[in-house]
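As structure tokens, the structure follows; a few thoughts come after it.
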Amino acid sequence: AAATLAGEALRATIAAVRPGQTELEIAGLLEGALRRFGSEAHPFPAIVASGPRSALPHAQTSRRTVAVGDWLLLDFGAVVDGYCADITRTVVVGARATEAQRALYELVAGAQRRAREGIRAGMPGREADALARDLIEARGFGDAFGHSTGHGLGLEVHEAPRLARTAAEPLPLDAVVTVEPGVYVPGRGGVRIEDDVHLSVDGPVLLSDGRTDLVELV
């Protein structure tokens, strides 16, 4: 329910995004939409990062004005009945994506799709991480992916288990985890795509909307 709500709030927000708005304005739209749709809290302050600032994996939302052709990265959560969702989407504002933007996006989207479809309960966290990381490293962007592929999600927005190259522990059955690879190019910007996945006995079940095709807000 939290993941569904987050997706609805995102769609309402990006319909109102325009070049010339600041990151803080867009964060206000997003956080307001989350509340309107019924989120009980913000599990963390929404991250809205645009243009070259989208290359900061843990950026703080700023007063920067979003320009035509910028990347816009939105990382946010929702809470329903005490349980958290955590989603990231990256879009292009005010223009069609350039060839370089499209190539970077498709790399991250492919890695994220491979991980969210291939992850299984019982798999060591480092193997889950490798599902996404191996594709990114094979394209020469390994150094541009500096964080783990995901983490557990529940009553807290960051819980065990970890999907990281150092995590040897197996992923528990019925855990809910994020799958969020990213590639960050200093000076140019970055792309992160994040969905929430339940590790069921029958395999991974996508809880968030999985709408990861490139969105161009033109």
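Tell me, what is the per residue accessible area of the stretch 117-196 in Å², probe radius 1.4 Å?
Per residue, the stretch 117-196 has 44 Å² of solvent-accessible surface.
Can you classify the stretch 46-192 as rounded, prolate or oblate using the Cα gyration tensor, where a ≥ b ≥ c are the square roots of its eigenvalues, rounded means a/c under 1.5, and otherwise it's prolate if a/b beats b/c and oblate if not?
Judged from the Cα gyration tensor, the stretch 46-192 comes out oblate (a/c at least 1.5, b/c at or above a/b).
List, largest first, the extents of the alpha carbons of the stretch 1-126 along their principal axes, each in whole Å.
Ordered largest first, the stretch 1-126 gives principal extents of 45, 35, 22 Å.
Given contacts defined as C-alpha pairs under 8 Å and at least six residues apart, what's the relative contact order of the stretch 1-78, whole-number percent?
Here the relative contact order equals 37 percent.
Eigenvalues of the Cα gyration tensor times 5, then square-rooted: what semi-axes does that give for the stretch 151-214, in whole angstrom, largest first?
Equivalent-ellipsoid dimensions as semi-axes: 24, 16, 10 Å.
Could the peptides 84-94, 111-121, 18-28 be put in order, highest first, of the mean number of other beta-carbon atoms found within 10 Å of their residues?
Packing proxy ranking, top to bottom: 84-94, 111-121, 18-28.
Would you please give the FRET efficiency between VAL218 and ALA160, computed as 1/(1 + (r/R0)^6) with r the Cβ-Cβ distance and R0 = 45 Å, to the nearest 0.05?
0.60
With the Cα gyration tensor of the stretch 67-109 in hand, convert its eigenvalues to equivalent ellipsoid semi-axes via √(5λ) and list them largest first in whole Å.
Semi-axes, largest first: 28, 12, 5 Å.
Kindly sort GLU194, GLU40 by accessible area of their heavy atoms, largest first, with the probe set to 1.4 Å.
Solvent-accessible surface, decreasing: GLU40, GLU194.
The values are calculated or read from the model by the stated rules, or taken from the named source; none is laboratory data. Because the structure is a prediction, the values reported are computed rather than measured. With ideal geometry, Cβ positions are generated from the backbone for all residues, glycine too; neighbour counts draw on all protein chains shown. Surface areas here come from the heavy atoms of the whole protein model, side chains and all, with no ligands, DNA or RNA. Shrake-Rupley method; radii C 1.70, N 1.55, O 1.52, S 1.80 Å.
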